[in-house]
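Engineer: Below: one structure in structure tokens.
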Amino acid sequence: MGYLKYTQYVYIVFGLYFVYDGFTKLNEQDDNASLSFIIAGMAIFMFFFRRRFVKKFEDRNKKK
């Protein structure tokens with residue numbers, strides 16, 4: 001289960017990409033900029049959610 005430690009960072013990469021995409025669309029006056037910011041927010045939320053999940057999982061394995 002070592003891959004769980006590293007997959008959480010994929011969410012940060014996606015979040016940063018969609019923040020960049022949102023600002024790019026704002027500068028181009030595109031109407032879909034808010035969608036990019038919503039996806040970025042969800043990706044950042046998932047990063048912290050997965051981070052907490054991995055920590056709980058590791059703590060549970062240490063108790064066994």
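Computed from the coordinates by the stated procedures, all read-outs in this text should not be read as laboratory data. Since the model is a prediction, treat every value here as computed from it, not as a measurement. As a convention, Cβ positions derive from the backbone with ideal geometry for all residues, glycine included, and neighbour counts pool all protein chains shown.
Engineer: Hand me the tally of lysine pairs in the chain: alpha carbons under 30 angstrom apart, and the pair either on different chains or 8 or more positions apart.
Structural biologist: Taking the Cα cut-off of 30 Å, the pair count is 8.
Engineer: Specify which residue in the list Ile12, Leu35, Asn61 is farthest towards the positive end of the charge dipole of the chain, using unit charges on the beta carbon of Lys, Arg (+1) and Asp, Glu (-1), about the Cα centre.
Structural biologist: Comparing the listed Cα positions along the dipole, Asn61 ranks first.
Engineer: Further question: Apply the Karplus curve 6.51 cos²θ - 1.76 cosθ + 1.60, θ = phi - 60°, to the phi angles in segment 44-59 and return the couplings in whole Hz, x for Gly and Pro.
Structural biologist: 5, 4, 5, 4, 5, 5, 5, 4, 5, 4, 4, 5, 4, 5, 5, 5
Engineer: Using the Cα centre as the reference, give the magnitude of the dipole from point charges on the C-beta atoms of the chain (Lys, Arg: +1; Asp, Glu: -1; all else neutral), rounded to the nearest 20 debye.
Structural biologist: The dipole of the chain has a size of about 960 debye.
Engineer: Okay, moving on. Determine the calculated [θ] at 222 nm for the chain from helices alone, applying -39500 (n - 2.57) to every DSSP H run no shorter than 4 residues and normalising by the residue count; nearest 500 deg cm²/dmol.
Structural biologist: Theoretical 222 nm ellipticity from helices: -31500 deg cm²/dmol.
Engineer: Taking 0.36 nm per residue of separation and subtracting the Cα-Cα distance, what length does fully extending Val13 through Ser34 add?
Structural biologist: On the way: separation 21, 0.36 × 21 = 7.56 nm, distance 1.83 nm.
Stretched out fully, the Val13 to Ser34 stretch lengthens by 5.7 nm.
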